[in-house]
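Every number in this text was worked out from the coordinates using simple rules, so none of it is lab data. Just so it is clear, the model here is predicted, and its values are computed rather than measured. Here Cβ is always computed from backbone atoms with ideal geometry, including for glycine, and neighbour counts include all displayed protein chains.
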Amino acid sequence: MSEEFRLREELCRIGRRLYDRHLTSGAGGSISARTSKNEVLIKPSGFSLADMMPEHIVKLSLKGEVLDGKYPPSTDAPWHLMIYEMRSDVNAIVHAHPPICGGFACAGISLDIPTFTEVIIQIGRIPLMDYATPTTMDYAKKVAESLRDVNALLMKNHGIITLGANLEQAFQRAELLEDFARMVLIAKILGGPILLPEDEVYKLRTLESEKWRMKIVEELYK
Ligand SMILES: [Zn+2]
């Protein structure tokens, strides 16, 4: 099976998981992956992630030229491409509108809270981006700049973006982020989350076992 075909199938599989987990709805959200030829496979505009088939996916060059595809690419394509250009360690991007993260985003409340070990280990920092009008170039630049050195972003009045070395990692980060938002909400009801001290956060971010876990993810999903 060619790398491109495998990635097209995986984009559809991950798209359905995002939809089935209620991490996005309708035609919302976007998803993409980079091939080893530095080309980008991305969801077409207007399609639901639940219905996307391998042949619907649009192939773009890093400059944004359509190399293959019957449909226009997602309107999110400009910032997907900017991130691939900027981050050689990123090969997959997930953008979704999960309801609990969305609640924090609409209330303008940050999720960048060092309280849950798994989030510190697997995601790291989660900046809160100020509002910008989606589909504009100002928005695209703001998104790309906000993700220069982090793997997740909460966007005010909008949703989330997670990055990964592969699609599975980008998806797992999105799934974990929504569960984390639910935990923080419950912790706030129960009196507020307890924050971990800085030295413990550093220890968690540099765990050797996480590097090993990532090797397993790469082996399983390559
Ligand atoms: Zn969106």
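At-a-glance table
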quantity: For region 12-127, projected area of the alpha-carbon convex hull averaged over all directions, nm²; calculated: 7.9
quantity: Cα gyration tensor, region 117-188 - rounded (a/c under 1.5), prolate or oblate; calculated: oblate
quantity: Area projected by the alpha carbon convex hull of region 3-220, averaged over all directions, nm²; calculated: 11.6
quantity: Surface/4 of the Cα convex hull for region 74-165, nm²; calculated: 5.6
quantity: Violating pairs (Cα-Cα greater than 20 angstrom) within the set Lys59/Lys156; Lys37/Lys63; Lys37/Lys59; Lys63/Lys215; Lys63/Lys141; calculated: Lys59/Lys156; Lys63/Lys215
quantity: Most to least packed among 150-159, 39-48 [average Cβ atoms within 10 Å]; calculated: 150-159, 39-48
quantity: Signed unit charges on C-beta, dipole axis of the chain, positive-most listed residue Pro193, Leu153, Met53; calculated: Met53
quantity: Neighbourhood net charge (9 Å Cβ-Cβ; Lys/Arg +1, Asp/Glu -1) for Ala33; calculated: +1
quantity: Value at 222 nm in deg cm²/dmol, rounded to 500, when DSSP H runs of n ≥ 4 in the chain each add -39,500 (n - 2.57); calculated: -13500 deg cm²/dmol
quantity: Dipole magnitude of region 3-220, debye to nearest 20 (Cβ charges: Lys/Arg +1, Asp/Glu -1, about Cα centre); calculated: 260
quantity: For the chain, built as a Gaussian network whose Cα springs stay under 10 Å, the top-fluctuating residue of Val201, Val94, Val143; calculated: Val201
